[in-house]
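The values are calculated or read from the model by the stated rules, or taken from the named source; none is laboratory data. Just so it is clear, the structure is predicted and the values come from calculations on it, not from any experiment. Here the Cβ positions follow ideal geometry from the backbone for every residue, glycine too, while neighbour counts run over all protein chains shown.
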Amino acid sequence: MSKSGIIAGAAIAALMGGAIAAFAVVWRPAIETVEPPAPQSFEPALVKRGRDLAAIGNCSDCHTIKGGKTFAGGLPVPTPFGTIYSSNITPDPETGIGRWSEAAFRRAMRSGVDRAGQHLYPTFPYDHFTNVNDEDDRALYAFLMTRPAVRAAAPANDLAFPFNQRFAVAGWKLLFLKGGTYKVDSTQSAEWNRGAYLVDGLAHCGACHTPRNALGAEKASASFSGGDVDNWHAYAINAQSRSPLPWTTDALFHYLRQGWDPDHGVARGPMAEVTANLSSVPENDVRAIALYMGSVFGPPTQDHLDQAEATRADIKSLQAQPVSVQPASADNPGALVYQAACATCHESGRPLPYSGINLRLSTALSAPDPRNAANVILSGIRPVGGERSPIMPGFANSMTDDQIAAVLNYLRGRFSAQPAWSGVEQIVRDARHSETVSLQTAPAPESVAGGSMQRDKP
Amino acid sequence: MTTLKVNGHDHEIDADPDTPLLYVLRDELKLNAAKFGCGLGQCGACTVIVDGKAVLSCVTPLLLLKGKEVTTLEGLGTVEKPAPIQRAFIEEQAAQCGYCIAGMMMRAQALLQRTPKPTDAQIRSELQTNLCRCGTHMRILRAVHRAAHLMDTAELTTNGSAQ
């Protein structure tokens, strides 16, 4: 054999080897379809556990379109790579998961591959769900397979090349999917481990609260240091938290369970759905999550404690002499707007959650940017149907962008220990734009709650 | 003194800048169509139109109305010459106790100015923030559709009333 022949042979062998390796990375077999299992074939206790787990996993939030049937999918999820539509996870045999076996369901949870062997986009957070154990996957499967089947095909994803190629997802997984179920940390308590298992697994807290890299994967080095979701900022929930008062395990439990906490205010935006779900699951699980997250926050630094002291002192002095009765200087339009439109509730001294929070305690005003505060000023806090819940009127129709920007700048300077925000005007314009869009796609009044039960609220 | 433009007329108002628009309308200007319901911006009985948009007058302080134009139900039409939205609500007999109806009409009016032929879903979604305890919702829905039809067929003056 000539030398060139050997080289060619080696090249062909290498290419073939590469192709086989690539095939091994990309290709996944289909899993046989099954006859949709009868709802009666599942143990009621298993279904009930699955229901609680689905609430902890917040499944309905992404897999239900506003005003649509629960778990029927079709929700557009905007990503930097295009729009991905959530899938129908009701047991409909044609458009849902009715013909999926439990093994197919478990494979989807663990490695992001659907029954037919197609790679799923990581908007479905299998980088977290890979940690869910077999027993919990079985319960989730039992719960979903006993829901009413809804015939609803999800619209086709709207992604640009190369992101519209599913094999690209296989490459993504090589880089970012660390398979394997949760490993117990034996130096920690059982409750802590339970919390870590839920937070890093099914509850997928990092999906919103951890920043993402250019390829849309969570930055492992920056776990829980704050991320983006829709047009909201998901706050840092580790040592970088800028909440005026440090979070404690008790405060976390109260907030996650009740949707509000006297030291931190009410959960709004996408977090409202999360706390609504957590109000109906076993209390022990929420306590475990709070315990684990408390350890993620870590003990507050001396700086944070000093700041908290200053915050408490300022609240006392505000109670003695409210801003609303101090003469506002006419050249600060933000102060004037605050006194006229905001102070009547936010300085009322009525207890939370039904009054306005003392803004000295607001995490929104201490956040890195004013998005969340702008969203709340524009849209207010809508009451939740059929429940007692916090309220605030929106000011989108009565305040101009300039007035909202002025009041945000004033609030930041007056009530937060953080440096001034930049680009507030543009952020307000963007927030108004997305507020308008979300109102245009607002649900019809007969919207169905995502399987959550009546909240146990004061 | 603040100048407040209501239904096309300027008024000199002597009130603190945090005075809610609703109080000025009812107590100073004696325009009583807008109602006090909850005082928290949650029921919609106080709804008026400011620069074409539905605004809750009970939580809108005077300060925010500088240079803006307020329209109340009185500015749309009169007993003798009801506006299409008023005619439609009368013809559908959409009021029972009537307390919420002025607010309903104002929010519906703002919707129709923006969206002349709203769908059922758009009307429901828009009026979601206005509460009615009598339960005349189906008649209110019909009335808004009827008003859309009336506006489409009648010649309109600039203030929204039919000629």
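Per the conditions (1) surrounded by 17 or more Cβ atoms within 10 Å (Cβ to Cβ); (2) in a helix (DSSP H, G or I); (3) not aliphatic (A, V, I, L, M), the sole criterion not satisfied by residue A:243 is (2). So which residues in region A:140-170 are over 20 Å from residue A:64 (Cα atoms), outside any loop (DSSP other than H, G, I, E, B) and of a type outside the set (D, E, K, R), if there are any at all? Scanning region A:140-170 gives A:159, A:167, A:168, A:169, A:170.
Scanning region B:110-147 for residues that are without any contact (Cβ under 8 Å) to a residue 60 or more places away in the chain, closer than 21 Å to residue B:34 by Cβ and in a loop (DSSP other than H, G, I, E, B) gives B:128, B:132, B:133, B:134, B:136. Out of A:434, A:438, one residue alone is at pLDDT below 95, farther than 24 Å from residue A:304 by Cβ and within 14 Å of chain B (Cβ to nearest Cβ). It is A:438. The numbered conditions (1) within 19 Å of residue B:106 (Cβ to Cβ); (2) out of contact with any His (no Cβ under 8 Å at 6 or more places or on another chain); (3) at pLDDT 95 or above; (4) not in a helix (DSSP H, G or I) are all true for residue B:58 except (4).
Can you tell me which residues in region B:79-94 are touching a residue at least 12 places away in the same chain (Cβ under 8 Å) and of a type in the set (Val, Ile, Thr)? Within region B:79-94, just B:85 meets the criteria. Can you find, within region A:139-153, the residue that is farthest from residue A:208 (Cα to Cα) among those that are touching a helix residue (DSSP H, G or I) at 6+ places or on another chain (Cβ under 6 Å) and buried (at least 21 other Cβ atoms within 10 Å of the Cβ)? Among them, the one singled out is A:142. Among the residues in region A:412-426, are any closer than 28 Å to residue A:238 by Cβ, among the acidic types (Asp, Glu) and either touching a helix residue (DSSP H, G or I) at 6+ places or on another chain (Cβ under 9 Å) or within 14 Å of chain B (Cβ to nearest Cβ) (or both)? Within region A:412-426, not a single residue is closer than 28 Å to residue A:238 by Cβ, among the acidic types (Asp, Glu) and either touching a helix residue (DSSP H, G or I) at 6+ places or on another chain (Cβ under 9 Å) or within 14 Å of chain B (Cβ to nearest Cβ) (or both). Checking each residue in region B:118-143 for being under 23 Å from residue A:394 (Cβ atoms) and away from chain A (no Cβ under 14 Å) picks out only B:133. Going by the structure shown, is residue A:287 on the phi < 0 side of the Ramachandran plot, touching a Phe, Trp or Tyr at 6+ places or on another chain (Cβ under 8 Å) and surrounded by fewer than 23 Cβ atoms within 10 Å (Cβ to Cβ)? So residue A:287 passes the test.
Checking every residue in region B:106-117 against the condition of being more than 14 Å from every other protein chain (Cβ to nearest Cβ) and surrounded by fewer than 20 Cβ atoms within 10 Å (Cβ to Cβ) gives at least one match. Taking the stated definitions as given, is residue B:97 part of a loop (DSSP other than H, G, I, E, B), surrounded by fewer than 24 Cβ atoms within 10 Å (Cβ to Cβ) and either within 13 Å of chain A (Cβ to nearest Cβ) or of a type in the set (Asp, Glu) (or both)? No: the conditions fail for residue B:97. Of everything in region A:306-354 that is small (Gly, Ala, Ser), under 13 Å from residue A:414 (Cβ atoms) and at pLDDT 85 or above, the residue that is surrounded by the fewest Cβ atoms within 10 Å (Cβ to Cβ) is A:317. Take the conditions modelled with pLDDT of 95 or more and under 22 Å from residue B:57 (Cβ atoms) and apply them to residue B:109. Does it pass? Criteria met by residue B:109. Listed conditions (1) within 18 Å of the chain's Cα centre (by Cα); (2) in contact (Cβ under 8 Å) with a residue 24 or more places away in the chain are all met by residue A:267, apart from (2). Regarding region A:172-181, can at least one residue be identified that is modelled with pLDDT under 95 and of a type in the set (Gly, Ala, Ser)? Yes, because at least one residue in region A:172-181 is modelled with pLDDT under 95 and of a type in the set (Gly, Ala, Ser).
Give, as residue ranges, the helices (runs of 4 or more DSSP H) completely inside region A:1-95 that count at least 3 residues that are surrounded by 17 or more Cβ atoms within 10 Å (Cβ to Cβ) and of a type in the set (A, V, I, L, M, F, W, C).
Numbers: elements: A:3-26, A:44-56, A:59-63.
Filter on region A:1-95 gives A:44-56.
Within region A:327-346, can one find any residue that is under 20 Å from residue A:225 (Cβ atoms), free of Cβ contacts under 8 Å to residues at least 12 places away in the same chain and acidic (Asp, Glu)? No, there is no match, as no residue in region A:327-346 is under 20 Å from residue A:225 (Cβ atoms), free of Cβ contacts under 8 Å to residues at least 12 places away in the same chain and acidic (Asp, Glu). The residues of region B:23-51 that are within 12 Å of another protein chain (Cβ to nearest Cβ), crowded, with 22+ Cβ neighbours inside 10 Å and not in a strand (DSSP E or B), listed by number, are B:41, B:43, B:44, B:46. Here residue A:136 fulfils each of the conditions (1) touching a helix residue (DSSP H, G or I) at 6+ places or on another chain (Cβ under 7 Å); (2) surrounded by fewer than 18 Cβ atoms within 10 Å (Cβ to Cβ) apart from (2). Every condition in (1) within 21 Å of the chain's Cα centre (by Cα); (2) within 14 Å of another protein chain (Cβ to nearest Cβ); (3) part of a helix (DSSP H, G or I); (4) under 29 Å from residue A:251 (Cβ atoms) is met by residue A:383 except one, and the failing one is (3). Working only within region B:1-21, note down all residues that are touching a Ser or Thr at 6+ places or on another chain (Cβ under 9 Å) and over 13 Å from residue B:63 (Cα atoms). Listed by number, the residues that qualify are B:6, B:7, B:8, B:10, B:11, B:12.
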